[in-house]
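Enquirer: Would you mind keeping the following structure in view while I ask a few things?
The values are calculated or read from the model by the stated rules, or taken from the named source; none is laboratory data. All values derive from a computational prediction rather than experimental measurement. As a convention, Cβ positions derive from the backbone with ideal geometry for all residues, glycine included, and neighbour counts pool all protein chains shown. What goes into the accessible areas is simple: the full protein's heavy atoms, side chains included, and nothing from ligands, DNA or RNA. Shrake-Rupley method; radii C 1.70, N 1.55, O 1.52, S 1.80 Å.
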Amino acid sequence: MNHRFLKQLVWQVGISFVLMCCLTFGIYYQDLKGKKMSKYTEKNVMCAEHNGNEKKEIQQETPIHKIEKKEVLQKKLGNTYIAIKKNYAGILPISIRDCYEEHKVEIYFYHMTQETIQKKQITFVKKDKKQNGEKMGEQLELAYTKTAHEGLQLRLSITVPQIYAYELYEDQKYIYVNCRAPKEVYSHILVLDAGHGGKDSGSNACKGKWQEKDYNLDFEKRLAETLHLPDWKIYLTRTDDERVFLKQRVHLANEVGADLFLSLHCNSSDCDEGTGLEALVSYNENKEQAKRIAKSCLTALSQETGLSNRGIHGGESIYIIRNTTMPTVLLELGFLSDPGDVDYLSQEDNREKMVEVIGKNIREMLTE
Ligand SMILES: [Zn+2]
């Protein structure tokens with residue numbers, strides 16, 4: 001009797017154990033599957049968005065100036081340009097993408113009928129020195145692709161020795177991509193710097209999903225839109241959640257000869273006391289102009305937002321301030337350690353309002 005009962009008990013425990021294992025594995029598998037699926041879905045969405053943005057940007061045609069007289073063309077072209085022998089009939093839409101962060105320029109030709117442009121048709125001219133595309137190695141890349149809307153499309157990617165402003169000219173035989181110093185082309189040049197990025201998240205907000213790097217990037221992109229004026233060029237130190245070293249940020253601003261380097265940050269304090277706005281400014285020969293810009297931004301921002309104005313401080317210990325050669329202002333747009341400031345900053349309308357105030361003051365200060 002005891003023996004039979006024991007046998008039954010062993011069976012029951014055994015079956016329960018197997019059932020529990022199946023159940024646990026089932027839940028784990030579902031979880032694993034869910035995680036994998038959500039990861040892939042996220043990736044697909046990101047790629048689609050990225051391609052969408054890229055396409056939109058590329059599709060914007062660059063105006064091309066037709067010049068037939070050789071002497072006029074010689075005057076228009078500076079001492080640095082890219083000549084592309086057309087080798088095709090008719091007029092093609094062309095667009096230029098300035099990949100300044102990589103020291104590259106991309107030239108797109110749409111609606112081609114054949115792959116008629118090859119490396120040997122391309123010449124890079126710099127101070128009367130001509131380099132044929134066939135000898136440019138990895139500096140020159142050609143890629144033909146077929147797309148539904150633009151037909152056969154050519155992307156020429158050329159590594160350039162410095163950052164240029166590009167203009168397009170055309171005569172019967174050639175397309176010319178004129179490479180000029182940004183200072184010669186634009187009336188105002190600004191470098192907007194979204195502080196931190198990638199692994200360097202800056203300060204963590206006391207609540208909400210965003211970290212300092214996210215607020216900074218949002219401010220930077222909004223401000224770039226606000227300051228998108230004819231003859232003004234806005235360079236951004238980052239356009240994504242990526243790590244950009246301080247040296248690169250400074251190098252960009254010094255290379256393009258910016259009129260203003262504006263770095264966007266949010267503050268934090270360990271003792272829960274800090275709240276409001278403040279600015280750090282350059283201590284080079286441009287100190288007075290940097291102070292004027294910082295003062296006008298802080299005063300107007302404080303009036304408009306109700307956030308307190310903590311004033312201007314010297315930023316000599318800050319790398320970007322010490323090493324830039326132009327007026328440099330670092331704005332600290334609220335304390336992420338303060339729940340009140342975070343409440344204010346987390347509302348999109350408020351951030352938009354702040355950016356409009358900053359944009360208006362910068363426009364006025366730089367054009368007075
Ligand atoms: Zn910061």
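Enquirer: For the subset of the stretch 76-124 comprising residues that are over 25 Å from the mean Cα position of the chain (by Cα) and among the charged types (D, E, K, R), which member is least open to solvent (accessible area, probe 1.4 Å)?
Expert: For the stretch 76-124, the residue satisfying everything is 86.
Enquirer: Check whether at least one residue in the stretch 66-89 is at pLDDT 90 or above, under 26 Å from residue 239 (Cβ atoms), among the small types (Gly, Ala, Ser) and not assigned by TED's automatic domain parsing to the domain that holds residue 236, and report yes or no.
Expert: No: zero hits.
Enquirer: Restricted to the stretch 151-208, and to residues that are within 16 Å of the ligand (Cβ to nearest atom) and assigned to a strand (DSSP E or B), which residue is surrounded by the most Cβ atoms within 10 Å (Cβ to Cβ)?
Expert: Within the stretch 151-208, the subset within 16 Å of the ligand (Cβ to nearest atom) is 192-206.
Then keep just the ones that are assigned to a strand (DSSP E or B); that gives 192-194, 197, 200, 204.
Numbers: 192: 25, 193: 26, 194: 30, 197: 21, 200: 13, 204: 13.
My answer is 194.
Enquirer: Considering (1) on the phi < 0 side of the Ramachandran plot; (2) more than 16 Å from the ligand (Cβ to nearest atom); (3) of a type outside the set (Val, Ile, Thr); (4) modelled with pLDDT under 95, say which one residue 231 fails and leave the rest.
Expert: (1)
Enquirer: Here's another thing I want to ask about it. Please tell me if residue 217 is among the hydrophobic types (A, V, I, L, M, F, W, C) and either closer than 21 Å to residue 355 by Cα or free of Cβ contacts under 8 Å to residues at least 60 places away in the same chain (or both).
Expert: Yes, satisfied.
Enquirer: Kindly indicate whether any position in the stretch 328-342 is away from the ligand (no atom under 16 Å from the Cβ) and in contact (Cβ under 8 Å) with a residue 40 or more places away in the chain.
Expert: yes
Enquirer: Pick out the one residue from 306, 315, 257 that is modelled with pLDDT of 95 or more and touching a strand residue (DSSP E or B) at 6+ places or on another chain (Cβ under 7 Å).
Expert: 257
Enquirer: I'd like to check something: does the stretch 305-322 contain any residue that is open to solvent by 50 Å² or more (accessible area, probe 1.4 Å), touching an Asp or Glu at 6+ places or on another chain (Cβ under 7 Å) and within 19 Å of residue 194 (Cα to Cα)?
Expert: The answer is yes, given that some residue of the stretch 305-322 is open to solvent by 50 Å² or more (accessible area, probe 1.4 Å), touching an Asp or Glu at 6+ places or on another chain (Cβ under 7 Å) and within 19 Å of residue 194 (Cα to Cα).
For (1) free of Cβ contacts under 8 Å to residues at least 24 places away in the same chain; (2) within 16 Å of the ligand (Cβ to nearest atom); (3) buried (at least 18 other Cβ atoms within 10 Å of the Cβ), each residue gets a yes or a no:
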{"residue": "260", "(1), (2), (3)": "no, no, yes"}
{"residue": "279", "(1), (2), (3)": "no, yes, yes"}
{"residue": "285", "(1), (2), (3)": "yes, no, no"}
{"residue": "290", "(1), (2), (3)": "no, no, yes"}
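Enquirer: I'm trying to understand the selection: among the residues of the stretch 197-209, which are in contact (Cβ under 8 Å) with a residue 60 or more places away in the chain and touching a strand residue (DSSP E or B) at 6+ places or on another chain (Cβ under 8 Å)?
Expert: Within the stretch 197-209, 202, 203, 204, 205 meet the criteria.
Enquirer: Right, another one. Report the residue count in the stretch 130-150 for those that are open to solvent by 10 Å² or more (accessible area, probe 1.4 Å), at negative phi and of a type in the set (Gly, Ala, Ser).
Expert: Qualifying residue count, the stretch 130-150: 2.
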